[in-house]
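K.L.:
This is the structure I want to talk about, given as structure tokens.
Quick note: the coordinates plus some simple rules give every number you see, no bench work behind them. Bear in mind that the values here come from a model prediction, so they are computed numbers and not experimental data. As a convention, Cβ positions derive from the backbone with ideal geometry for all residues, glycine included, and neighbour counts pool all protein chains shown.
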Amino acid sequence: MRRINEIIVHCTDTRRGQKADVAEIRRWHVDERGWSDIGYHLVIGEDGRAEEGRPIERAGAHCYRRNGRSIGIALAGGYGVTDARPEDTFTPAQLSALIGAIRNYRQTYGPLKLSGHRDYDKRKACPTFDVRAWAERNGL
């Protein structure tokens, strides 16, 4: 088993209601980009349903230079409906599922650092909110 020390939260850069489940993202990553699999380990849909993506035993393909020791979680959404810019479009069900996933992963892997993709790539807004501040407000 690989050593995991961090969870990195992402968004799919899709509009509300746009299909962004594991099958669709796998198609984007494998068929369109030529990757070996979906880049994320977990995808959380607007309804709060969490789907497993890339097996946790395998390094992800979601954050340059951080993939080997991290878990990548993607929230469906993050793109504005009216102005086509990054926007916090996440539902209470998604955020509740994210809290549950973080707690479960920490129970399994220990005290994991929590970050957003934008913490490592200043060109990105992903996941459109400050993950560390959000985590603190939610007792994580």
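K.L.:
Of the listed values (i) 15.7; (ii) 18.5; (iii) 14.9, identify the label whose number matches Kirkwood radius over Cα pairs in Å calculated from this model.
P.N.:
Computing Kirkwood radius over Cα pairs in Å and matching it to (i) 15.7; (ii) 18.5; (iii) 14.9 gives (iii).
K.L.:
Continuing with this model, one more query. Toward the positive end of the charge dipole of the chain, about the Cα centre and with charges on Cβ (Lys, Arg +1; Asp, Glu -1), which of ALA76, LEU112, ALA93 goes farthest?
P.N.:
The residue sitting most towards the positive pole is LEU112.
K.L.:
In the neighborhood of TRP35, defined by Cβ-to-Cβ distances under 13 Å, what is the net charge if each Lys or Arg adds +1 and each Asp or Glu adds -1?
P.N.:
Details: positive: ARG26, ARG27, ARG33, ARG54, ARG58; negative: ASP31, GLU32, ASP37.
Combined, the nearby Lys, Arg, Asp and Glu give +2.
K.L.:
Now for a different question. Using θ = phi - 60° and the Karplus form 6.51 cos²θ - 1.76 cosθ + 1.60, what ³J(HN,Hα) does each residue of the stretch 89-100 get, whole Hz, x for Gly and Pro?
P.N.:
With the stated coefficients, the stretch 89-100 comes to 10, 6, 8, x, 5, 5, 5, 5, 5, 5, 4, x Hz.
K.L.:
Excluding residues fewer than 8 places away in the same chain, name every one of the lysines whose C-alpha is closer than 25 Å to that of LYS19.
P.N.:
LYS124
K.L.:
Grab the Cα-Cα distance for LYS19 and ARG2, subtract it from 0.36 nm times how many residues apart they are, and report the gain in nm with one decimal. Working shown, then result.
P.N.:
Details: separation 17, 0.36 × 17 = 6.12 nm, distance 3.12 nm.
That works out to 3.0 nm of additional length.
K.L.:
So, one more: Tell me the net charge near GLU6. Cut-off is 9 Å between Cβ atoms, GLU6 excluded, with +1 for each Lys or Arg and -1 for each Asp or Glu. Display every interim value, and only then the final one.
P.N.:
Details: positive: ARG66, ARG69, LYS113; negative: none.
Net charge in that neighbourhood comes out at +3.
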